[in-house]
Each structure stands twice: as structure tokens, then as C-alpha cells.
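See structure below.
Values in this text are rule-based calculations from the coordinates and carry no lab data. None of the values given here were measured: they were computed from a predicted structure. Here the Cβ is made from the backbone with ideal geometry for all residues, glycine too, and neighbour counts use every protein chain on show.
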Amino acid sequence: MSLKIRPVEENDAETCGKIGYEAHKSISSSHGYPSEQPSKEYAIGLIKTILSNPNSLGVLAERRGKILGSIFLHKFPPSPVAVIGPLTVHPSTEGGIGRVLMDAVIVQAHKQNYNQIRLVQSPSHIRSFVLYTKTGFTLQEPLFLMQGQPLKGKNNIQTTNVHLIENEHDISLCNELCMSAYGFTRETELRHAINQGVATILEHEGITKGYAAGIGMFGHAVAQSNEDLKTLITNAHEIMGPGFFVPARNQEILVWLFENGFRIGWPANLMTIGPYQETLMPFLPSLAY
Ligand SMILES: CC(C)(COP(=O)(O)OP(=O)(O)OC[C@H]1O[C@@H](n2cnc3c(N)ncnc32)[C@H](O)[C@@H]1OP(=O)(O)O)[C@@H](O)C(=O)NCCC(=O)NCCS
């Protein structure tokens, strides 16, 4: 019987979440990593949150009424980047379903005029790396998810120049910095972090040295130097979610985090389709890009 591809609806969240949980449990346990989706409740909650976002859409594959897997596509207007994830297929039905789902959302992204598509892959899983490579993605940036306790108050890095982002002027300063790092702004995500009360900016003698749209798996940060990035990390009251991503090539930040008790949770890869400006400034990517 043929495979049916259709949008994910609200009442699919539970089944898709359970499949996501099973898929990640299966892959993480075979590699000895903690699961990216640690419980069924987390996995179902994640899908419900995605479905409540008007800038996200989901596609699922089903056969004889049985859901086999799902995938999601996200937009962050005005950012020109569309992001894919999570993609999960039930471990008992792996084999071709991932490809069909990937093709479906790539077509959607192109239809909506997005030629920059990105995702963060878990490289412990060769299968997903092959799938993404075959669907046109290139590995740009190996990452590590860093796990540890907030450093606020435990470090003697100068902290007085960091404050919460509260006004439009701060937002425009962050946008300028983001523009030089990425070639575009990430204002939607920045505003989301501001609403959560976790967006910070570092200024020194009238110069914007960096900003963080939260330190965590869904946050991102850009800084002029590694010292500035350390200051932003040090001033985070909380680390949101299971940790935050650091580019593996940033040896200085990794060593500094190790010295401060952080450990690697799991590796990941930032992969892209379409134009990509390599970020030369120190930065922390989010789970999206
Ligand atoms: C990743 C996942 C979605 C893939 O789903 P799937 O239905 O198995 O994917 P597909 O079969 O369409 O594609 C996998 C491809 O990898 C190929 N492959 C697997 N191992 C390979 C290897 N060692 N070398 C080369 N190719 C390999 C397969 O042959 C297949 O390619 P083909 O269809 O052209 O033959 C599924 O395994 C899953 O849910 N995993 C757990 C969650 C996860 O890791 N999600 C992605 C997070 S980044």
C-alpha cells in the first residue's frame, strides 16, 4: 500500500512525539550518548510547541493509517534561512521514509523562495548524515553541545557591561553585529529571547562587543572576541535546556569551558543548502543554525 504524505495536525502530536522519543532513544543508546529527546513528555511537548508556531509546519508519512515518521520546517522572518528539524522515523520502519520526508520539506522551502536551508545534525548517526548529504546538504561547522552549571558569580570576568536587552536601540545594535557575523539578522529569535528575559548585550565604551539571545540549545550568541563571548556566557543566569552548542574549531572557548567544569554532551554538525557566509567572529549557534 502506498505511502501517504500529509501535514502534521494537532492530534498527531502524541504519536509523532512518541516516535521521536523512540527514534532518539534507539540511536542514542546504541552510541552511549544521552538522548536528545529524554522523555515521551518532552518529545510530545516539543511537537506541540512547534505546531503552535505559525512560522513552522510539519509533514508526516503514514501507511494504512499508521504514522511512520515526521519532519518540521521553520522560518524566522526576516532571516532568509529556513530550518529543518526534528526529523524522526520509527526505528522499526527505517528505510526510505526519511528521504521522502526530507524531499517534501525541501520542496516546501523552495516553494516559499528559501534557497538557504539549514539544520543541526547529530553526527553519532551516520544514517542521518548520509541522508542529508544525499539531499544536498554540506557540512559547514562541527559542534559540541556543552553541559555544565551557570558561571554567574563563579568567575572574575568583568561583568558590569552586560545588561538585559530591553529597547529598540539595543535590538538595532545586536542586528548590526549579527549582520556582520551571519550576513543577516536573527531578530525574530532575539525578540523571543527578550520576551523570555534572557537576551543580553555586552557594551564597552560605546561599542557593541556581543549579544546572546539566551545561552542554551535554542539560543544563539555573537561576539567580537572570545573574551567577549566568555563574558556573555559568564553572565547567563541560566543555561536553557540541556546545554549550548559551541563550534568545535573554537579551541579557546572549549578549553575555558572544560576548566570551568563543563563537559561535552554530544557532538553535532551544522549543515547547509545554499549560500553560507562562514562566521568568522566567535559565535554560539542554536539547535536551528
Ligand atoms: C535519521 C532517520 C530519520 C533516517 O530515516 P530513514 O528512513 O532510515 O532514512 P533513509 O533510509 O531514507 O535514508 C538513509 C540513507 O542512509 C544510507 N546509509 C545508512 N548507513 C549508511 C552508511 N554507513 N554508508 C552509506 N550510506 C548509508 C541508506 O542506505 C539510505 O540511503 P538510500 O535510501 O539512498 O539507500 C531515522 O533513522 C531516525 O529517525 N533516526 C533517529 C532520529 C535521528 O537521528 N534524527 C535525525 C537527527 S539529525
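Once you place label points 7 Å from the Cα toward the Cβ at LYS66 and LEU280, how far apart are they in nm?
5.4 nm
If each residue's Cβ is checked for other Cβ atoms within 10 Å, how do LYS18, LYS154, LYS48 rank with the fewest at the top? Before the final figure, lay out the partial values.
On the way: LYS18 17, LYS154 10, LYS48 14.
Least to most surrounded, the residues fall as LYS154, LYS48, LYS18.
With point charges of +1 on the Cβ of Lys and Arg and -1 on the Cβ of Asp and Glu, referenced to the Cα centre of the chain, which listed residue (SER2, MET102, MET240) lies farthest in the positive direction of the dipole?
SER2
If you take the charge dipole of the chain about its Cα centre, with +1 on Lys and Arg Cβ and -1 on Asp and Glu Cβ, which of ASN113, HIS220, GLY65 is farthest toward its positive end?
GLY65
Enter the angle in degrees (range 0 to 90, nearest 10) between the Cα long axis of helix 97-111 and the first principal axis of the Cα atoms of the chain, meaning the one along which they spread out most.
Once rounded, the angle reads 60 degrees.
Treating only the Cβ atoms of Lys and Arg (+1) and Asp and Glu (-1) as charged, compute the dipole magnitude of the chain about its Cα centre; round to the nearest 20 debye. Each step should come with its number before you reach the end.
Values: 23 positive and 25 negative charges, 242 e Å.
Dipole about the Cα centre, nearest 20: 1160 debye.
Please give the charge dipole size of the stretch 4-136, origin at the Cα centre, charges +1 on K and R Cβ atoms and -1 on D and E Cβ atoms. Round to the nearest 20 debye.
Details: 15 positive and 10 negative charges, 66 e Å.
About 320 debye.
For ASP103, ASP12, ASP228, what ranking results if the residue with the fewest other Cβ atoms within 10 Å of its Cβ goes first? Walk me through the intermediate numbers first.
On the way: ASP103 14, ASP12 19, ASP228 23.
The order, fewest Cβ neighbours first, is ASP103, ASP12, ASP228.
How much length is gained on full extension from GLN149 to ILE126, taking 0.36 nm per residue of separation minus their Cα-Cα distance? Before the final figure, lay out each step's value.
Numbers: separation 23, 0.36 × 23 = 8.28 nm, distance 3.05 nm.
Gain on stretching GLN149 to ILE126: 5.2 nm.
Defining a contact as two alpha carbons under 8 Å apart and six or more residues distant in sequence, what relative contact order in percent does the chain show? Can you show the working numbers first?
On the way: 578 pairs, mean separation 58.7, N = 289.
Dividing the mean separation by the residue count of the chain yields 20 percent.
Could you list LEU151, LEU3, LEU119 so that the one with the fewest beta carbons within 10 Å of its beta carbon is first and the one with the most is last? Walk me through the numbers on the way to the answer.
On the way: LEU151 20, LEU3 13, LEU119 25.
In order of increasing Cβ crowding within 10 Å: LEU3, LEU151, LEU119.
Tally Lys and Arg at +1 and Asp and Glu at -1 over the other residues with C-beta under 13 Å from the C-beta of GLY136: what net charge comes out? Walk me through the intermediate numbers first.
On the way: positive: ARG99, ARG118, LYS134; negative: ASP103.
Value of the local net charge: +2.
For the chain, what is one quarter of the convex hull surface built on the Cα atoms, given in nm²? Intermediate results must be reported in sequence, preceding the final value.
Details: hull surface 58.4 nm².
Reported value for the Cα convex hull: 14.6 nm².
Quick one: net charge of LEU270's neighbours, Cβ under 12 Å, K/R +1, D/E -1? Don't skip to the answer; put the middle values down first.
On the way: positive: ARG118, ARG249; negative: GLU141, GLU278.
With Lys, Arg at +1 and Asp, Glu at -1, the neighbours total 0.
Reachable aspartates and glutamates from LYS230, Cα under 12 Å, same-chain residues fewer than 8 places away excluded?
Filter leaves GLU252.
On a C-alpha basis, how far is the centre of the stretch 55-90 from the centre of the stretch 1-33 in Å? Whole number, if you could?
Answer, in whole Å: 11.
Keeping to pairs on different chains or 8 or more places apart, tell me how many lysine pairs in the stretch 4-136 have Cα atoms under 19 Å apart.
9
Relative to the Cα centre, what is the charge dipole magnitude of the stretch 194-264, using +1 at the beta carbon of each Lys and Arg, -1 at the beta carbon of each Asp and Glu, and rounding to the nearest 20 debye?
Details: 4 positive and 7 negative charges, 50 e Å.
The calculated dipole for the stretch 194-264 is roughly 240 debye.
Antiparallel DSSP bridges in the chain: what percent, to the nearest 5? Write out the running numbers ahead of the final one.
Details: 49 of 53 bridges.
Of all bridge pairs located within the chain, approximately 90 percent are antiparallel.
For every other residue with a beta carbon closer than 15 angstrom to the beta carbon of GLY45, add +1 if it is Lys or Arg and -1 if Asp or Glu, then tell me the sum.
-2
Give the relative contact order (percent, whole number) for the stretch 1-119; include only Cα pairs under 8 Å separated by 6+ residues. Don't skip to the answer; put the middle values down first.
Values: 194 pairs, mean separation 30.4, N = 119.
Relative contact order comes out at 26 percent.
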